[in-house]
Amino acid sequence: MCDDAVMPTYVAFLRAINLGPRNKYPMAELRAALESAGFTDVATHIQTGNVRLRTPARSVARLTERLEAAVAADRGFPLDVVVLTPAELAAAAAGGEARLAAVAADVGEEQVHGQYVTFLRDLPAPEAVERLDAVVEPERARVSVVDRAVHLTLLEGYQQARLDNNRIEKVLGVRGTNRNLTVVRRLAADWT
């Protein structure tokens, strides 16, 4: 067994957890399931499936599969999981801050209605990023793709937005899950 002090730490984001009656997952039960599956130092933040854990695994792809299998075995329903290193999370938080500041400087802070980060499972193809840029309506939203993070700044309320996580996934052809920048900031501060 690997010593906890040298085991890598990862941050996992579960997609669409606790959003409807079919996919309820209390965080205490999620932590217990992951610990039973062999993960250590498991912590969660709020009820939306933000998880920090340690494991001797080095492959993010295999770790993602293990996490999805553990959740499916425990709950009986599949969930998509996106796994990041702490460095990737810190970079996404900093990128979100920079993007928010740039857009606020361009349109005025009062015009910004929200800043979100969609964490992607895989890197999107350059032509997919071009397709995403082409569907953005600059009077409604601004978007920037950096590695596996899509920074979305909304210039209207989230409920009115035409560009959301589902559309971003469809255009990019990559599964992902989004969080607001407030949550990303907090996780980066606490978990990196």
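Could you list, in sequence order, the residues of the stretch 101-149 that are outside any loop (DSSP other than H, G, I, E, B), open to solvent by less than 40 Å² (accessible area, probe 1.4 Å) and under 17 Å from Thr182 (Cβ atoms)?
Val103, Ala104, Gly114, Gln115, Val117, Thr118, Phe119, Ala149
So which of Thr64, Thr40, Thr55 is among the β-branched types (Val, Ile, Thr) and without any contact (Cβ under 8 Å) to a residue 40 or more places away in the chain?
On inspection, the qualifying residue turns out to be Thr40.
Would you check which residues across the stretch 172-186 are under 12 Å from the mean Cα position of the chain (by Cα), closer than 20 Å to Glu68 by Cβ and surrounded by 18 or more Cβ atoms within 10 Å (Cβ to Cβ) and list them?
Gly176, Thr177, Asn178, Arg179 - these are the residues of the stretch 172-186 that are under 12 Å from the mean Cα position of the chain (by Cα), closer than 20 Å to Glu68 by Cβ and surrounded by 18 or more Cβ atoms within 10 Å (Cβ to Cβ).
Scanning for something surrounded by 13 or more Cβ atoms within 10 Å (Cβ to Cβ), among the hydroxyl-bearing types (Ser, Thr, Tyr) and within 28 Å of Val146 (Cβ to Cβ), does the stretch 1-9 turn up at least one residue?
Yes, some residue in the stretch 1-9 is surrounded by 13 or more Cβ atoms within 10 Å (Cβ to Cβ), among the hydroxyl-bearing types (Ser, Thr, Tyr) and within 28 Å of Val146 (Cβ to Cβ).
Do we find a residue being touching a strand residue (DSSP E or B) at 6+ places or on another chain (Cβ under 7 Å), surrounded by fewer than 20 Cβ atoms within 10 Å (Cβ to Cβ) and either at positive phi or of a type in the set (Phe, Trp, Tyr) (or both) anywhere in the stretch 151-170?
Yes, the stretch 151-170 contains a residue that is touching a strand residue (DSSP E or B) at 6+ places or on another chain (Cβ under 7 Å), surrounded by fewer than 20 Cβ atoms within 10 Å (Cβ to Cβ) and either at positive phi or of a type in the set (Phe, Trp, Tyr) (or both).
Within the stretch 34-49, can one find any residue that is in a helix (DSSP H, G or I) and either under 20 Å from Ala189 (Cα atoms) or in contact with a helix residue (DSSP H, G or I) (Cβ under 7 Å, 6 or more places away or on another chain) (or both)?
Scanning the stretch 34-49, I find at least one residue that is in a helix (DSSP H, G or I) and either under 20 Å from Ala189 (Cα atoms) or in contact with a helix residue (DSSP H, G or I) (Cβ under 7 Å, 6 or more places away or on another chain) (or both), so the answer is yes.
Filter the stretch 66-90 for residues that are more than 14 Å from Tyr10 (Cα to Cα) and in a helix (DSSP H, G or I); which is most open to solvent (accessible area, probe 1.4 Å)?
Within the stretch 66-90, the first condition is being more than 14 Å from Tyr10 (Cα to Cα), and the residues that meet it are 68-80.
Checking which are in a helix (DSSP H, G or I) leaves us with 68-75.
Values: Glu68: 38, Ala69: 58, Ala70: 16, Val71: 3, Ala72: 38, Ala73: 91, Asp74: 72, Arg75: 72 Å².
Among those that are more than 14 Å from Tyr10 (Cα to Cα) and in a helix (DSSP H, G or I), it is Ala73.
The values are calculated or read from the model by the stated rules, or taken from the named source; none is laboratory data. A quick note: this is a predicted structure, and the numbers were derived from the prediction, not measured. No Cβ is skipped: glycine too gets one built from the backbone with ideal geometry, and neighbour counts run over all protein chains shown. In case anyone asks, the SASA skips ligands and DNA or RNA and just uses the protein heavy atoms, side chains included. Shrake-Rupley method; radii C 1.70, N 1.55, O 1.52, S 1.80 Å.
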